[in-house]
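Quick notes on the structure that follows.
The values are calculated or read from the model by the stated rules, or taken from the named source; none is laboratory data. These numbers come from a predicted model, not from an experiment. Positions of Cβ are generated from backbone atoms using ideal geometry, with glycine treated the same way; all protein chains shown enter the neighbour counts. When the accessible area is computed, the model is the full protein with side chains, heavy atoms only, and any ligands, DNA or RNA have been set aside. Shrake-Rupley method; radii C 1.70, N 1.55, O 1.52, S 1.80 Å.
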2 protein chains.
Amino acid sequence: MRELDLLSHIYRANPALPDGVTIPPGDDMGAMAIGGAAVLVTVDQVADGVHVDLATTPIEKIGRKAITRNLSDVAAMAARPVGAVAAASLPTGFGEDRAEALFDAMRATAKDYHCPLIGGDISTWDQRLILTVTVFADADGIDPVLRRGAQVGDAVYVTGVLGGSLVELDSPPGYVHHLDFTPRIALARLLAGDRTTRPNCMIDLSDGLGQDLTRLCEQSGVGAELDTSRLPISDAAKLAAQRSGSPPWRHALGDGEDYELCFTAPPNRIPASVGGVPVTSIGRIIAAGDVARVTARLPDGKAVDMEGLGWEHRG
Amino acid sequence: MRELDLLSHIYRANPALPDGVTIPPGDDMGAMAIGGAAVLVTVDQVADGVHVDLATTPIEKIGRKAITRNLSDVAAMAARPVGAVAAASLPTGFGEDRAEALFDAMRATAKDYHCPLIGGDISTWDQRLILTVTVFADADGIDPVLRRGAQVGDAVYVTGVLGGSLVELDSPPGYVHHLDFTPRIALARLLAGDRTTRPNCMIDLSDGLGQDLTRLCEQSGVGAELDTSRLPISDAAKLAAQRSGSPPWRHALGDGEDYELCFTAPPNRIPASVGGVPVTSIGRIIAAGDVARVTARLPDGKAVDMEGLGWEHRG
């Protein structure tokens, strides 16, 4: 079963959504009007065996990721996090000490991002650990940046470096990107709060640049051309490439869980570094053909359709 | 591991919560200020093998319950639901048809209660089905009713009839209360919106009257005396009692998943029926002793401490 099929099934209901829904399902966050305020919402799950491995992942990093995965969606809207609720299903025999360490990490991470945990539901069951976190955000003076809005002629940018998010690095010691990444909230708000640098559209990279940029193009009704030689390739992607035998650019394009941002803006307006984080121009937005298609120029000069190169989420 | 131990661990952080949190963790919903509006939030899980049995429960009823469990929390605050997000982890091989039926039921139920599903996250894994729903609400002119606020001398009331929520009835055919119950939102808003009948405090009955009234008393710093002869005992509780050999009042006190409301108010103000639902006075609020204690007068005249009679959640 493909996740997108199901989501699109839910989204078919959009026309029936009431007026209060200001950002319908299908973006990084939904939004609705409550008491005159626009409230943005996102929900994400962290499951043992899918997003983390309880046997090998320090419990603090699991708690951290349960929060930061959501905060990456907040970043993708250039919104400001304001609060969170969490639900946990703990395996029987999980133990109170581990549970407390897990919740301490969730609470501390949420607090670090000014997103207090204000409630939750805890159950035990005979299955694996699963954490579900819902985060609320507001615009706080900066209009949310949507997935739609890319203009033909825009440059395509990514933050940070891409690929190999599951690979453990020696430096910093024990760093594993999918657990230790920094949600790009501050960067996104710097970009979107300035008229000169405001992105036309934005998405966070959770399923791999190939898939996620395709989504952004579909929602914007455009295509994109990428130059693989310009992709900012992480050290972890290079290590992953050594192990897999695939070229590093394939890891940067296809690996998931970068939790970086991909956005488009008119060319020559975005600095090479924003808030200390590198921002790289990797291609441009073109008119859509029959479908919103993303093509990549490979090192050998060939152009290939990126659809299908996308990394499938584990599990 | 006891759920309450973990929750109280989370709640120890209350003093550190920022000003924006208007109802801290520990009530049926939390609340925070977003853009000048108070937004109420609750999250609940429905897990196969814990709250439902996928092998025997119609898929539509599972989807329904995932929404209505949360709406019962909204009722307990006398709030108005405004929207929801859902996360689903589907077992491998669940099948697209069943998934669509599940989401259709969730979406239709949410819509019935003016609480549109505005987003979600769907994963598959090799474990059992689990659905996590987060519901948002606002006050819409009626101040939320909290768990704290019971006054010595208040009468204690419950809505509907209690006990046996897992028992399938012949009439209506196939009715199983924990799947088919009606969240008491309309009733709660009728009560709380009228100064004469406004409850001093309220909680929904998910873990059984014994446990949930104890919670309400703890948060209010009071005790309560119940008269078991006045408990509104459901037909299902009578059937359950025939099977278990326990007296029906024990099922009404101890069984969980009633999803009725328990509240306190000054005596002689509450009609016997509100919005077509029976409301029954079952006891009174007394001063707390050393602890917030709930005692029950049994049919034989003996008074027993209710703590420990509470029904433990399955799983």
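Taking amide hydrogens as placed 1.01 Å from N in the peptide plane, the amide H of A:Gly208 sits under 5 Å from those of A:Glu257, A:Asp258, each at least 5 positions away in sequence or on another chain. Ascending distances from the A:Ser229 label point to its copies in the other chains, with the point 7 Å along the Cα-to-beta-carbon line: 9.3 nm.
Ignore the peptide's own chain and count Cβ atoms of other chains within 10 Å of each Cβ in B:76-85; give me the average, rounded.
Mean shielding count: 4.
Computed from the C-beta positions of A:Ala101 and A:Ser244 and an R0 of 25 Å, the FRET efficiency is 0.15 to the nearest 0.05. Under a Gaussian network description of chain B, with springs only between Cα atoms under 10 Å, the residue in B:Gly164, B:Gly221, B:Gly49 that fluctuates furthest is B:Gly49. The mean sequence separation of alpha-carbon pairs under 8 Å and at least six residues apart, normalised by the residue count of chain A, gives a relative contact order of 20 percent.
Distance between the pseudo-spin-label points of B:Asp300 and A:Val277 (7 Å out from Cα toward the beta carbon): 6.8 nm. Peptide A:56-62 is shielded by partner chain Cβ atoms: per residue, an average of 0 of them sit within 10 Å of its Cβ. The mean number of Cβ atoms from other chains found within 10 Å of a Cβ in peptide A:45-53 is 3, as a whole number.
With R₀ fixed at 30 Å, the C-beta to C-beta distance from B:Asp53 to A:Ala108 puts the FRET efficiency at about 0.20. Within the assembled protein chains, the solvent-accessible surface assigned to A:Arg230 is about 100 Å², based on a 1.4 Å probe.
Net length available on complete extension from A:Thr22 to A:Arg148 is 44.0 nm, with 0.36 nm assigned per residue and the Cα-Cα distance removed.
Using a 10 angstrom cutoff on alpha carbons, build the Gaussian network for chain A and name the most mobile of A:Glu260, A:Glu225, A:Glu100. Result: A:Glu100 has the largest fluctuation of those listed. Here is how the number arises for the protein assembly as shown: DSSP H runs of 4 or more residues each give -39500 (n - 2.57), the sum is divided by the residue count, and the result at 222 nm is -8000 deg cm²/dmol. Remark on B:Val294: its backbone amide H falls under 5 Å from those of B:Ala224, B:Met306, B:Glu307, a criterion applied only to residues 5 or more positions apart or on other chains, H modelled at 1.01 Å from N. Taking the DSSP beta bridges with both ends in the protein assembly as shown, the antiparallel portion is around 75 percent. Taking amide H positions as modeled 1.01 Å from N, with prolines and chain starts lacking one, the residues under 5 Å from A:Val145 and 5 or more places away or on another chain are A:Ala78. Heavy atoms of chains B and A lose about 5600 Å² of accessible surface on contact, summed over both sides with a 1.4 Å probe. Across B:Met32, B:Met77, B:Met106, mean-square fluctuation computed from a Gaussian network of chain B (C-alpha pairs under 10 Å connected) peaks at B:Met32. Inter-copy label distances at B:Thr56, using a point 7 Å along Cα-to-Cβ, come to 4.0 nm with the shortest given first. DSSP beta bridges confined to the stretch A:34-157 are antiparallel in about 65 percent of cases. Residue ranges A:242-250, B:236-244 sort as B:236-244, A:242-250 when ordered by packing (mean number of other C-beta atoms within 10 Å per residue, highest first). Listed by chain and number, the lysines whose alpha-carbon sits under 21 Å from that of B:Lys61, ignoring those within fewer than 8 places in the same chain, are B:Lys111.
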